[in-house]
Structures are given as C-alpha cells and as structure tokens.
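Participant: The structure follows.
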Amino acid sequence: MRKRHNILMDGAEPEGGQWNFDADNREAFGPEGPGQVPPRAMFAPSALTQEVIDLVNTRFANHPGSLSSFAWPVTRAQALEALERFVQERLALFGRFEDALWPGEPWLYHSHLSAALNLKLLSAREVVARVEQAYKDGQAPLQSAEGFIRQILGWREYVRGIYWTQMPGYCELNALNAQEDLPEWFWTGHTDMACLQDAIAQTLQYGYAHHIQRLMVTGLFALLLGVRPQQVHAWYLSVYVDAVEWVELPNTLGMSQYGDGGLMASKPYVATGKYIQRMGGNCSGCRYDPALREGDRACPYTTLYWDFLMRHETALAKNPRMALQVKNLARLSGNERQAVAARAGAIRRGEVGATPQLKSH
Ligand SMILES: Cc1cc2nc3c(=O)[nH]c(=O)nc-3n(C[C@H](O)[C@H](O)[C@H](O)COP(=O)(O)OP(=O)(O)OC[C@H]3O[C@@H](n4cnc5c(N)ncnc54)[C@H](O)[C@@H]3O)c2cc1C
Ligand code: SF4
C-alpha cells in the first residue's frame with residue numbers, strides 16, 4: 001500500500017530504510033507515569049447535538065454509559081481541528097507510547113480520530129497525507145509517522161477487506177468453541193481487577209479506550225475466560241463511539257478472540273498479567289499479583305492464561321508461533337495443573353473478580 005500510494009517512500013525503498021518501526025514503539029512510562037499529557041480536543045455540544053443527547057438520555061435512561069462528557073467532533077470543521085490538534089500536540093510521541101497503559105489516563109498520545117474517520121468526517125487519505133507532511137516538516141519522528149500511517153493504511157484497510165470478503169458467515173465463527181457468557185460487570189465496571197475496572201469505567205464514561213486496552217485488557221480477559229465471540233462482539237459494538245460493524249467485528253472476533261481460527265491473526269493474542277504490568281501502572285494498585293497463577297492473590301489473567309493453554313494444548317501445539325508458549329506447560333506438575341483449573345473455575349463462576357455488590361446482584 002505504501003508503494004502503491006507512494007507514501008513514506010524514498011524512491012523504490014521505504015523512507016528510513018525499513019518498513020516497520022514497531023520495535024521502537026513499545027515503550028512504557030516507567031513508575032512516575034506519563035506526567036502532563038496534552039488535554040484532548042473538546043467540542044461543546046451545539047443545540048442540535050444537545051437535543052440528541054437529551055433524547056437519548058430520556059429514551060434510554062437505563063442503558064449503561066454516560067453522555068455527560070460528550071465532546072466529540074461532529075462536524076467537518078471540528079474533525080479537521082481535531083486532526084490538526086493531534087498533529088501539533090500528540091503525534092510526535094504517538095509511536096513511542098502507542099502500546100502504553102496508565103490508570104486514569106484514557107487519552108495519552110492517541111489521535112481519537114476513529115469516530116470522525118468512520119463517520120466520513122475525515123477521509124483516510126487526507127489523514128495519512130497530513131501525517132506524512134508533518135514528518136517531512138520535521139514535526140514528528142519517522143517511528144511515529146510510520147506507526148500511525150500503518151494503523152490506517154495497513155490495519156484499517158486490512159480489516160475492511162476481511163469484513164467485506166468474509167461476511168455474512170464471519171459473524172457466526174467460533175473456532176475455539178468458546179461458550180461462556182460475558183460477565184455482567186463488563187456493563188458496570190464492578191470488578192476488583194484494577195486494569196479492567198479502569199478500562200471499563202472510562203469506556204462507560206467516554207465511549208473510548210485505546211487499542212491496547214481493547215486488545216490486551218478487555219479483549220484478552222474475554223478470550224482467556226472463553227466467552228462466546230458473538231457476546232464479545234455485541235459488547236464492543238455497543239460501548240464505543242467509533243463502533244461500526246465493518247471495523248469492529250474483524251478486530252473483535254478475529255484479532256482479539258481468535259474466533260476465525262487464524263484467518264486474521266496468525267496466533268491468539270494471549271499473555272499473563274505480567275504483560276499488563278509491563279505496559280503500565282495498574283498492577284501496583286491491584287489486590288492481585290500478576291506473577292502468581294495460584295492462590296488467593298493470583299492475578300486472574302495469569303491463572304486463565306495457563307488454563308487457556310491447557311484447554312487448547314493440542315490445537316495450539318500445531319501452531320509454530322505458539323510452540324514455545326505451549327512447551328512451557330510441560331513445566332507444570334499434575335497438582336499445579338489441577339490448582340490452575342480449580343481457580344479458573346472459580347473465576348468463571350464469578351467467585352473471583354466481581355466486586356461484592358455484583359455478587360449479590
Ligand atoms: C476488540 C477491538 C475492537 C475494536 N473496535 C473498533 C471499532 O469499533 N471501530 C474502530 O474504528 N476501531 C476499532 N478497533 C481498532 C482500534 O482499537 C481503534 O481504532 C482505536 O483504538 C481508536 O482510537 P484512536 O482513534 O485514538 O486510534 P489511534 O491509536 O490514534 O490510531 C489511529 C487510527 O488508526 C486506525 N486504527 C488503529 N488500529 C486499528 C485497527 N486495529 N483496526 C482498524 N483501524 C485501526 C483508527 O482509524 C484510528 O483512529 C478495535 C480494536 C479492538 C482490539
Ligand atoms: S494484577 Fe492482574 S488483574 Fe490486577 S491490574 Fe495487574 S493484570 Fe490486572
């Protein structure tokens with residue numbers, strides 16, 4: 001796509017001598033956190049927008065989520081202003097901190113442009129061109145410009161292709177035969193797992209979470225728990241301002257839940273709580289310990305990760321990209337396997353993870 005559209009090219013070669021700068025784009029903030037992050041671009045609701053907000057509040061009073069912080073761009077002029085604010089204030093650090101997490105910091109260095117793009121207030125082509133220009137003008141390093149452009153020209157176009165070539169059957173796939181229900185606290189945030197509490201609370205407040213929160217916090221938990229992909233799909237389609245089925249479904253069912261058996265992603269995105277610990281500050285404020293897989297303080301992600309490998313051991317062993325992870329299972333004794341399975345059962349029954357209010361609900 002870069003060649004075809006002549007984007008970030010140096011003749012026939014990629015600008016900077018390589019196509020992908022992901023290795024530079026995995027930085028976390030360190031114990032002191034992100035410090036001062038630029039405020040998000042906010043647009044006060046017009047009379048018309050306010051009328052719609054009031055209508056939704058009246059008709060859907062009992063639905064999850066809140067409209068009290070609604071400040072999204074809803075006109076072409078506002079969307080262009082949001083793009084410009086991103087380029088001036090956030091793009092330079094977008095690449096470095098693309099995967100980072102931090103509690104209470106929903107916006108970080110992301111663009112928040114997905115809804116404007118999906119609503120066609122901005123075209124993908126103009127956003128890519130503006131970011132390429134910012135790189136040429138010395139406003140952003142190549143790692144940021146390349147990483148950002150790849151999200152749009154690469155990932156967004158790829159998921160569009162998956163959706164339109166695979167639907168309608170794609171929506172029904174469930175390659176891992178996952179049959180659990182989505183925990184009810186996904187709709188309220190009533191969980192004692194700090195990372196999930198944070199991601200769900202901001203989702204209900206703003207209708208926004210960045211990619212790593214969607215993939216490696218909410219999505220990962222549902223995958224490891226074994227939730228039916230169709231229920232996970234229904235949740236993502238309901239809670240995000242940018243949720244349009246053609247973008248949401250392949251990301252959820254394919255990339256995050258591996259429901260298509262590997263059509264979209266070459267392996268399931270699975271990890272223990274240690275991944276979340278490495279990428280941000282949630283774990284230090286959590287009652288669980290990401291290093292533990294058994295016992296009362298074991299992080300549910302870590303327990304469920306090993307349980308996931310045990311449940312799908314035979315199938316995963318055939319995937320060369322999973323071989324190393326599956327091989328590590330051999331280190332677990334029979335007793336350890338039993339303990340993991342027992343605690344995973346308790347998590348599935350809602351005895352671990354849900355906060356007391358919800359258990360009595
Ligand atoms: C389970 C799951 C569900 C998702 N559902 C949606 C959805 O309903 N609608 C949606 O637009 N995106 C969805 N995404 C992709 C991505 O998480 C969001 O586009 C991004 O978080 C939006 O925030 P942003 O605009 O600040 O993005 P930035 O981090 O600033 O990225 C820039 C732009 O790149 C595009 N982009 C980045 N990653 C992807 C991706 N994987 N697929 C498609 N486009 C991408 C978006 O247009 C985004 O605005 C989903 C991802 C996951 C893992
Ligand atoms: S310990 Fe586990 S549940 Fe708690 S914040 Fe870390 S990853 Fe999330």
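Read the figures in this text as sums done on the coordinates, not as results from a lab. Only a predicted model underlies this, so the values are computations on that prediction, with no experimental measurement involved. Here the Cβ positions follow ideal geometry from the backbone for every residue, glycine too, while neighbour counts run over all protein chains shown.
Participant: Please report the equivalent ellipsoid semi-axes of region 13-171, computed as sqrt(5 x eigenvalue) of the Cα gyration tensor, largest first, in whole Å.
Facilitator: Details: eigenvalues 171, 90, 60 Å².
Ellipsoid half-lengths, sorted descending, are 29, 21, 17 Å.
Participant: Which one of Pro300, Leu263, Leu113 has its Cα pushed farthest toward the positive end of the charge dipole of the chain, where Lys and Arg give +1 and Asp and Glu give -1 at the Cβ?
Facilitator: Checked the options; the winner is Leu263.
Participant: If only Cα atoms are counted, what is the Rg of region 99-191, and what is its Dmax, in Å?
Facilitator: 17.9, 52
Participant: Taking the alpha carbon gyration tensor of the chain, what are the square roots of 5 times its eigenvalues, largest first, to the nearest whole Å? Show your work: numbers first, answer last.
Facilitator: Numbers: eigenvalues 225, 132, 82 Å².
Taking √(5λ) for each Cα gyration eigenvalue gives 34, 26, 20 Å.
Participant: Kindly provide the helix-only [θ] at 222 nm of the chain, computed as the sum of -39,500 (n - 2.57) over DSSP H runs of four or more divided by all residues, to the nearest 500 deg cm²/dmol? Don't skip to the answer; put the middle values down first.
Facilitator: Numbers: 18 runs with 155 residues, N = 361.
That calculation yields -12000 deg cm²/dmol at 222 nm.
Participant: OK, next. Can you list the HN-Hα couplings for region 222-233, worked out from phi with the Karplus curve (6.51, -1.76, 1.60; θ = phi - 60°), rounded to whole Hz and with x for Gly and Pro?
Facilitator: 4, 4, 5, 5, x, 7, 4, x, 5, 6, 5, 4
Participant: Choose one of Gln230, Val247, Ala354: the residue whose Cα lies farthest towards the positive end of the charge dipole of the chain (beta-carbon charges +1 Lys, Arg; -1 Asp, Glu; about the Cα centre).
Facilitator: Gln230
Participant: Then there's this: What dipole magnitude, in Debye to the nearest 20, does region 283-361 give about its Cα centre under +1 on Lys/Arg Cβ and -1 on Asp/Glu Cβ? Walk me through the numbers before you get to the answer.
Facilitator: Values: 13 positive and 7 negative charges, 41 e Å.
With Lys and Arg at +1 and Asp and Glu at -1, about 200 debye.
Participant: Rounded to the nearest 20 Debye, what is the dipole magnitude of the chain about its Cα centre when Lys and Arg each give +1 and Asp and Glu each give -1 at the C-beta?
Facilitator: Numbers: 35 positive and 37 negative charges, 147 e Å.
So the dipole magnitude of the chain works out to roughly 700 debye.
Participant: Let me ask you something else. Can you pull out the chymotrypsin sites (Phe, Trp or Tyr not before Pro) in region 1-107 that DSSP calls coil and that have at most 11 other Cβ atoms within 10 Å? Intermediate results must be reported in sequence, preceding the final value.
Facilitator: Working: sites: Trp19, Phe21, Phe29, Phe43, Phe60, Phe70, Phe86, Phe94, Phe97, Trp107; in loops: Trp19, Phe21, Phe29, Phe43, Phe60, Phe70, Phe97, Trp107.
Those that pass, being in a loop and sparsely packed, are Phe60.
Participant: Along the charge dipole of region 2-166, Cβ charges K/R +1 and D/E -1, which of Gln18, His5, Leu55 sits furthest on the positive end?
Facilitator: About the Cα centre, the residue reaching furthest to the positive side is Leu55.
Participant: Please give the net charge around Met322, taking every other residue with its beta carbon less than 12 angstrom from that of Met322, where Lys and Arg add +1 and Asp and Glu add -1.
Facilitator: Local charge sum for Met322: +3.
Participant: Scan around Ala41 for amide H atoms under 5 Å from its own, H built in the peptide plane at 1.01 Å from N, and keep only partners 5 or more places away or cross-chain.
Facilitator: none
Participant: Which value, to two decimals, describes the C-alpha radius of gyration of region 207-252 once divided by 2.2 N^0.38 Å? Show your work: numbers first, answer last.
Facilitator: Working: Rg = 9.8 Å, N = 46, 2.2 N^0.38 = 9.4 Å.
Compactness ratio reported: 1.04.
Participant: So, one more: Taking neighbour counts of Cβ atoms within 10 Å as a proxy for exposure, in what order, fewest first, do His110, His210, His63 appear?
Facilitator: Numbers: His110 21, His210 24, His63 11.
The most exposed by this proxy come first: His63, His110, His210.
Participant: Return the long-range amide H neighbours of Val227 (sequence gap of 5 or more, or a different chain), with a cut-off of under 5 Å between placed amide H atoms.
Facilitator: HN-HN under 5 Å from Val227: Glu180.
Participant: Provide Thr188, Thr272 in ascending order of the number of other Cβ atoms located within 10 Å of each residue's Cβ, fewest first. Could the numbers behind the result be given before it?
Facilitator: On the way: Thr188 17, Thr272 20.
Ascending number of Cβ neighbours within 10 Å: Thr188, Thr272.
Participant: Whats the longest run of the chain with zero trypsin sites (Lys or Arg not before Pro) that are DSSP loop and have at most 13 other Cβ atoms within 10 Å? Before the final figure, lay out the partial values.
Facilitator: Details: sites that count: Lys120, Arg287, Arg297, Lys318, Arg321, Arg349.
After excluding every exposed loop site, the longest remaining stretch is 121-286.
Participant: Only Lys, Arg, Asp and Glu count, each charged at its Cβ (+1, +1, -1, -1), so figure out the dipole size of region 184-359 about its Cα centre, rounded to 20 debye. Don't skip to the answer; put the middle values down first.
Facilitator: Working: 18 positive and 14 negative charges, 126 e Å.
Magnitude of the dipole: close to 600 debye.
Participant: Over the Cα atoms of region 7-71, compute the convex hull volume and normalise it per residue, giving Å³. Mind showing how you got there, number by number?
Facilitator: On the way: hull volume 14.9 nm³, N = 65.
Dividing the Cα hull volume of region 7-71 by its residue count gives 229 Å³.
Participant: At most 15 other Cβ atoms within 10 Å plus a DSSP loop assignment makes a site exposed; report the longest stretch of the chain without any exposed GluC sites (Glu not before Pro).
Facilitator: That would be 33-350.
Participant: Still on this structure, I have one more. Residues with beta-carbon under 9 Å from that of Arg150, excluding Arg150: net charge, scoring Lys, Arg +1 and Asp, Glu -1? Please list the in-between numbers first.
Facilitator: Details: positive: Arg2; negative: Asp22, Glu146.
Around Arg150, the surrounding residues sum to -1.
Participant: Would you grab the residues whose amide H sits under 5 Å from the one on Leu292? Only those 5+ places off in sequence or on another chain, please, with H modelled 1.01 Å from N.
Facilitator: Amide H to amide H, under 5 Å and 5 or more residues apart or across chains, Leu292 pairs with Cys299.
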